[in-house]
Each structure stands twice: as C-alpha cells, then as structure tokens.
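The values are calculated or read from the model by the stated rules, or taken from the named source; none is laboratory data. Bear in mind that the values here come from a model prediction, so they are computed numbers and not experimental data. For neighbour counting, all protein chains shown are included, and Cβ atoms are generated from backbone atoms with ideal geometry for every residue, glycine included.
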Amino acid sequence: MKHIFFAAAAIISFLSCSKTDSKLPGNDKPVAVVNSFPHPDHIIFVWFENKDYDSIVNSSSAPYINSLVSQGTIFTNMSALMHPSYPNYVSFFAGDPNGVSSDKCIDSSTLTTPNLYTALNTVGKSFAWYSEGLPAVGSTVCKSGLYVEKHNPTTIFANVPASANKPFSAFPTDYSQLENVVCISPNLQNDMHDGSVSKGDDWLKKNLSPLADWCKTHNSIFVIYFDENEGAEGNKIPVIALGQNVKVNNQDSTAYNHYNWTRSISAMYSANETWTTNLNASDSIKNCWK
C-alpha cells in the first residue's frame, strides 16, 4: 500500500512541476515570462517625423512600410509624449526631457544625466545614433544642409562620447558589426518632416530593407518609429516592429509611449531600467515577443 501511495505522490509532483506557470528556484517570476522577453543581438530604430497614425497605416503613399505590418507587430495605441520634436527624442534617449521643451539648438554638451548610452555601457553593451547628413563623427553642429541637431539627442550629453554620434554614411554594410542598440535619423527630406510620406517610404526601402530582412534571421529587431504626430488629439503615432523575436501579423493595442520602449531596451540587455521616475512608472513592452 505504501508503494502505491509514494508512486501516486511522485506522479502528482511531476505534473505540478510541468505546469507552464512553474517557477525557477529562488525566482518569483514564472518561467514562461522570463523566457518570453527577448535578448536580441541588435535592436534598430528608424526615426520618422510628425505623422499621424492614419497618414501612414493603410496609406497608399507608404507601400513598403505597410508591407512590413504583416511581417511583424503593429502598435495600435502608441503615443508620443509631447510636442515638438526635440523633447521627444531627448525623453526617449534619457527617460526625461531634461528641461528641453523646444526645437532650439543647444550650444553645449552639458547634460550629465543617465541615458541609454550610459545604461548600456555599464553592462558592456554598445549604442550609436546614425544621422543622415551629419558632417563628421561627433559633430555638434546645429544644422548642416538637411541635418538638424533636434533629431539627434546624443550631441547635448557630456557623458556620451563622440564615437556614438555617427553619420549615416558610416553605417556598416556588415550588419553584424552594428552596435547592440542603434537609432537612425534620415535627413529632413527623407524623414517625412519636409519631404513626403512616399519619399520617406522610398528611402527606407532603398537603404534599409536588406537590414529589415536580415533582422528576421539574426536575433535582431527592426523598429519603424515616429517622434510625434501632426497635432491630432492624443499624439498617436505609428510604430511597427519586426524581427526574429517579434510576433508576426500581430497587433498590440496596449497603451505605450516612448518611455515604455526606453525601459524595454534596457531590460533586453539587463541594464538599469529605472533611472528616472518616468521609467520607473512605465511598464516594459511585453505582448509582441515570440
């Protein structure tokens, strides 16, 4: 009789350990949640400008961008934080606008607050911002041709080295050489700020479609991103992510903003996620990962 009892107990114990919500020893988080959050080799954000959600999604002027929707996840309830552009970029990069409230150029690199570069660098991960038209590596020029400082927040932080601020002409053709986290700012014509939606869509396809495809098989994530909308209520923006770690043909209707992405990037690389109160109050993005 004892043998029957112990056998039954063993079976019950085995089944209990096989549940999907089982926990790792010493860890309160379910195994499934731990394993579902991605740890990509690279995540790339391509920044576009000042477009409402409906002016991009399902628009005939953006055929390439819309072709990517079914290949990944579209965020249907994503919002920018404010207007105009510059404080949105700074907030994404540093988890706080740091007093930036306009698009005026800032003449010196005086900010020393934590940011994505410093958070990632602390854990041995790399970051770079590539800007089309930037005159040289590390340039802090306000404007040069179709390049503008307000779309490149790295220039105003004293704790970000010049080497993290690069011209798009230096973008590697061997994508495995990319930094772990990359942001790309096309110039004023190609980012849809001064140019048309179709011009930006064409630029993306011509310059970065091979990278988008590469991300699907190289443990990487490719994100089409907008800084703000054109002034419509709610500041809703179109954001599309795809890659090896991203659910395909998926919609995520969770309310997110720039801070959610900043925290998620940090979490992906086991860096500090909450160096500002804004980040501490924001959840990581969770519903689009495979």
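Table: residues versus (1) surrounded by fewer than 22 Cβ atoms within 10 Å (Cβ to Cβ); (2) over 16 Å from the mean Cα position of the chain (by Cα); (3) within 20 Å of E49 (Cβ to Cβ).
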position	(1), (2), (3)
S67	yes, yes, no
S102	yes, yes, yes
T122	yes, yes, no
Y130	no, no, yes
V141	yes, yes, yes
F171	yes, yes, yes
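Report those strands (runs of 3 or more DSSP E) wholly inside the range 210-268 carrying at least 1 residues which are surrounded by fewer than 20 Cβ atoms within 10 Å (Cβ to Cβ).
The strands (runs of 3 or more DSSP E) meeting that bar are 250-252.
Condition first: of a type in the set (S, T, N, Q), surrounded by fewer than 20 Cβ atoms within 10 Å (Cβ to Cβ) and touching a helix residue (DSSP H, G or I) at 6+ places or on another chain (Cβ under 9 Å). Now tell me which residues in the range 279-290 satisfy that.
N280, S284, listed by residue number.
Could you pull out every one of the helices (runs of 4 or more DSSP H) wholly within the range 1-94 that has 2 or more residues that are more than 30 Å from T155 (Cβ to Cβ) and at pLDDT 95 or above?
Per the criteria, 63-67.
Given the residues S131, S126, S176, which is the only one that is touching a residue at least 12 places away in the same chain (Cβ under 8 Å) and within 24 Å of T276 (Cα to Cα)?
After applying the criteria, what remains is S126.
Looking at T155, is it closer than 21 Å to S108 by Cβ, touching a helix residue (DSSP H, G or I) at 6+ places or on another chain (Cβ under 8 Å) and surrounded by 21 or more Cβ atoms within 10 Å (Cβ to Cβ)?
yes
So A162 ticks every box in (1) among the hydrophobic types (A, V, I, L, M, F, W, C); (2) surrounded by fewer than 20 Cβ atoms within 10 Å (Cβ to Cβ); (3) free of Cβ contacts under 8 Å to residues at least 24 places away in the same chain but one. Which box is left unticked?
Result: A162 fails condition (3) only.
I need the full set of residues from the range 132-169 which are under 21 Å from T112 (Cβ atoms) and among the hydroxyl-bearing types (S, T, Y), in order please.
Once the filter is applied, which keeps residues that are under 21 Å from T112 (Cβ atoms) and among the hydroxyl-bearing types (S, T, Y), the range 132-169 yields S139, T140, T154, T155, S163.
So how many residues does the range 121-146 have that are over 19 Å from A94 (Cβ atoms) and out of contact with any strand residue (DSSP E or B) (no Cβ under 6 Å at 6 or more places or on another chain)?
10
If you check every pair at least six apart or on different chains, which have Cβ atoms under 6 Å apart with a residue in the range 246-262 that is β-branched (V, I, T) first and a residue that is in a loop (DSSP other than H, G, I, E, B) and modelled with pLDDT of 95 or more second?
Partner pairs satisfying both residue conditions: V246/G72; V246/C288; T262/G95.
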